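Worksheet: one structure, shown below.
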Amino acid sequence: GYPVFRFELMAFLGRKLLDLPLSDLSPEFVPYLLERRRGNGSFNNTPAADSSDGHVMNTWWGLQALDSLGRVEERKQETVAWLQACQTSPGGFTHQPNAEFGGVEDVAYTRAALRALKLLGAYPANREQCLHYLASLANADGGFSNRPGWLSNPMATYDALDAFDTLGALEAPPISRQARRPR
């Protein structure tokens, strides 16, 4: 039914990266983007008319597309509040606030939320707790995992390092005691 939102938005993001004009975009792309924005400022791959909530990854990609259009300030306060509500007490971010199922923190969700907040000129509700959460993903092998206790992998390591950088803490990220212990 619905194409992958991220891939559809490459029409916007690719042009921005290559410094190409947006004027040659099909006129249907902007309504396609805007129809997927929820009243709370979040985005998902289905039209908002289905009354579902947004997803933090789709929100990050949607905001990047809006930024390429010069419209990232639209619904800024609602979007910031929604993104901040995705932060959980351990400090990481889940895919949406108060998720009925699957509401667990993940490094990819955390990175997406932090990047989106930064794009909007905002910060997580609890920066220090977020740093501690990210540090809990560090492993003795020098890499990072998607969730505490999992094995390191390249994508999670990239996401964690980019999240530290987004928070301005890349130079000296706090490393958890678990990561210091040899396995």
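The values are calculated or read from the model by the stated rules, or taken from the named source; none is laboratory data. Please read these numbers as outputs of a predicted model, since none were measured by experiment. Note that each Cβ is placed from the backbone with ideal geometry, even for glycine, and that neighbours are counted across all protein chains shown. All accessible areas refer to the heavy atoms of the entire protein, side chains included, with ligands and DNA or RNA removed. Shrake-Rupley method; radii C 1.70, N 1.55, O 1.52, S 1.80 Å.
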Exercise. Exactly one of (1) among the hydrophobic types (A, V, I, L, M, F, W, C); (2) touching a Cys at 6+ places or on another chain (Cβ under 9 Å); (3) surrounded by fewer than 17 Cβ atoms within 10 Å (Cβ to Cβ) is unmet by Leu170. Its number?
Worked result: (2)
Problem set entry | One residue from Phe43, Phe93, Phe12 being at pLDDT 95 or above and within 14 Å of Leu119 (Cβ to Cβ) | Phe43
For this session: Quick one: Ser51 ticks every box in (1) crowded, with 17+ Cβ neighbours inside 10 Å; (2) out of contact with any Pro (no Cβ under 8 Å at 6 or more places or on another chain); (3) hydroxyl-bearing (Ser, Thr, Tyr) except a single one, so which number is it?
Result: (1)
For this session: Considering only the range 1-20, state which residues are open to solvent by 90 Å² or more (accessible area, probe 1.4 Å) and either in contact with a helix residue (DSSP H, G or I) (Cβ under 8 Å, 6 or more places away or on another chain) or more than 13 Å from Leu69 (Cα to Cα) (or both).
Result: Gly1, Tyr2, Arg6, Phe7, Lys16, Leu18, Leu20
Exercise. Got at least one residue in the range 33-51 being among the aliphatic types (A, V, I, L, M), in a loop (DSSP other than H, G, I, E, B) and either under 26 Å from Trp150 (Cα atoms) or touching a residue at least 24 places away in the same chain (Cβ under 8 Å) (or both)?
Worked result: no
Exercise. Within the range 78-104, can you find the residues that are open to solvent by 60 Å² or more (accessible area, probe 1.4 Å) and free of Cβ contacts under 8 Å to residues at least 12 places away in the same chain?
Worked result: Glu100, Phe101
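Mind checking which helices (runs of 4 or more DSSP H) fall wholly inside the range 97-183 and carry at least 3 residues that are modelled with pLDDT of 95 or more, among the acidic types (Asp, Glu) and out of contact with any strand residue (DSSP E or B) (no Cβ under 6 Å at 6 or more places or on another chain)?
Numbers: elements: 107-119, 127-135, 154-166, 177-180.
The qualifying helices (runs of 4 or more DSSP H) are 154-166.
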Problem set entry | Of the criteria (1) open to solvent by 80 Å² or more (accessible area, probe 1.4 Å); (2) part of a loop (DSSP other than H, G, I, E, B), which one Val72 fails | (1)
Exercise. Which of (1) among the basic types (Lys, Arg); (2) open to solvent by 20 Å² or more (accessible area, probe 1.4 Å); (3) more than 19 Å from Gln129 (Cβ to Cβ); (4) in contact with a helix residue (DSSP H, G or I) (Cβ under 7 Å, 6 or more places away or on another chain) does Arg38 not meet, given it meets every other one?
Worked result: (2)
